[in-house]
Amino acid sequence: MSEKVLQIDNLQIGYGGIEAVRGISFDVNKGEIVTLIGANGAGKSSILRTLSGLVKPKGGKVIFEGEDITGKDPTLIVQKGMMMVPEGRRIFPNLTVLENLKIGAYLRNDDLEQDIEMVFGYFPRLKERAWQAGGTLSGGEQQMLAVGRALMGRPKLLMMDEPSLGLAPIVVQGIFDIIRKIHEDGATVLLIEQNANMALHVADRAYVIENGKISMEGTGAELLEDEQVKAAYLGSAK
Ligand SMILES: Nc1ncnc2c1ncn2[C@@H]1O[C@H](COP(=O)(O)OP(=O)(O)OP(=O)(O)O)[C@@H](O)[C@H]1O
Ligand SMILES: [Mg+2]
């Protein structure tokens, strides 16, 4: 019944002699939010960078919409409809908000106005600041811009690397409210987070990554109730 958008099979990623990801398999169905949670250095960003084509895996397969895209170039992967919001946002500081958004649609030129209005609908704050330089936005606004820029590419799969990083709780709540809304509007999302509490509340399904391997998986609700997850990742948050 459920249509698989992404299938990861036995993915292995290494840097020189270091094995960062040691045989990970997971999948994302159409319309789902799937989250990968894990501590610093668990291998989360390595996985997203590999899915985006920025890192070539040592082994395993990445299948997107039934097509093997393992080791393909980032431009082709973006063309296929996989957009990443990278860790640390990486917006262009000297370009305006509007220019940053237009870059998200660099592979096409049609309907830009409509898509910009769609992004401003999610993030009215960006509309007020359309002419402001990206680098002068607050951290939360920069994260909104990074998400908005990815949406400009009309992603079939939106991949986000720690959107909550370095943001105040109230701003994190706002970002997650938008992730929920984008998802309700039909987006398929792969979300990487260290903020397990927020991520598990928004996710349909989740995988816990420990030392480059999946140690647990389940629905967001199941993992929120799991004693091991509570002890290791939820702390006093729950
Ligand atoms: N370019 C690189 N060269 C060498 N080692 C790397 C490189 N990138 C990542 N690593 C190593 O791979 C491991 C996994 O790193 P990764 O960035 O994927 O972790 P992460 O789960 O995203 O952590 P964080 O939550 O801190 O962002 C770490 O031990 C890291 O030092
Ligand atoms: Mg990371």
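The values are calculated or read from the model by the stated rules, or taken from the named source; none is laboratory data. In this text the structure is predicted, and so the values were computed from the model without any measurement. Positions of Cβ are generated from backbone atoms using ideal geometry, with glycine treated the same way; all protein chains shown enter the neighbour counts.
Within the range 89-96, is even one residue of a type in the set (K, R), within 30 Å of Q7 (Cβ to Cβ) and either free of Cβ contacts under 8 Å to residues at least 12 places away in the same chain or more than 16 Å from ligand 2 (Cβ to nearest atom) (or both)? Within the range 89-96, not a single residue is of a type in the set (K, R), within 30 Å of Q7 (Cβ to Cβ) and either free of Cβ contacts under 8 Å to residues at least 12 places away in the same chain or more than 16 Å from ligand 2 (Cβ to nearest atom) (or both). Among the residues of the range 1-56, just one is closer than 15 Å to V189 by Cβ and touching a Pro at 6+ places or on another chain (Cβ under 7 Å), namely S52.
Scanning the range 78-88 for residues that are in contact with a Lys or Arg (Cβ under 9 Å, 6 or more places away or on another chain) and in a loop (DSSP other than H, G, I, E, B), we see that the one that is nearest to ligand 1 (Cβ to nearest atom) is E87. Close Cβ contacts (under 6 Å, 6 or more residues apart or on different chains) running from residues in the range 29-56 that are more than 7 Å from ligand 1 (Cβ to nearest atom) to residues that are acidic (D, E) comprise K30/E3; E32/D204; I33/D204; T35/E193; I37/E193; L48/D161; G53/D73. T75 fulfils the conditions (1) in a helix (DSSP H, G or I); (2) at pLDDT 95 or above except for a single criterion, (2). I want to confirm something. Restricting to the range 119-141 and keeping residues that are closer than 24 Å to P74 by Cβ and not β-branched (V, I, T), which single residue is surrounded by the most Cβ atoms within 10 Å (Cβ to Cβ)? Out of the qualifying residues, it is G134.
For G186, are the conditions met, namely being within 18 Å of the chain's Cα centre (by Cα) and not assigned by TED's automatic domain parsing to the domain that holds I37? Considered against the rule, which asks whether it is within 18 Å of the chain's Cα centre (by Cα) and not assigned by TED's automatic domain parsing to the domain that holds I37, G186 comes out as no. The set of residues in the range 14-40 that are out of contact with any strand residue (DSSP E or B) (no Cβ under 8 Å at 6 or more places or on another chain) and either near ligand 2 (Cβ under 10 Å from one of its atoms) or among the small types (G, A, S) (or both) comprises G16, G17, G31, N40. Assess whether A187 counts as being within 13 Å of V28 (Cα to Cα) and either of a type in the set (V, I, T) or at pLDDT below 95 (or both). It is true that A187 is within 13 Å of V28 (Cα to Cα) and either of a type in the set (V, I, T) or at pLDDT below 95 (or both).
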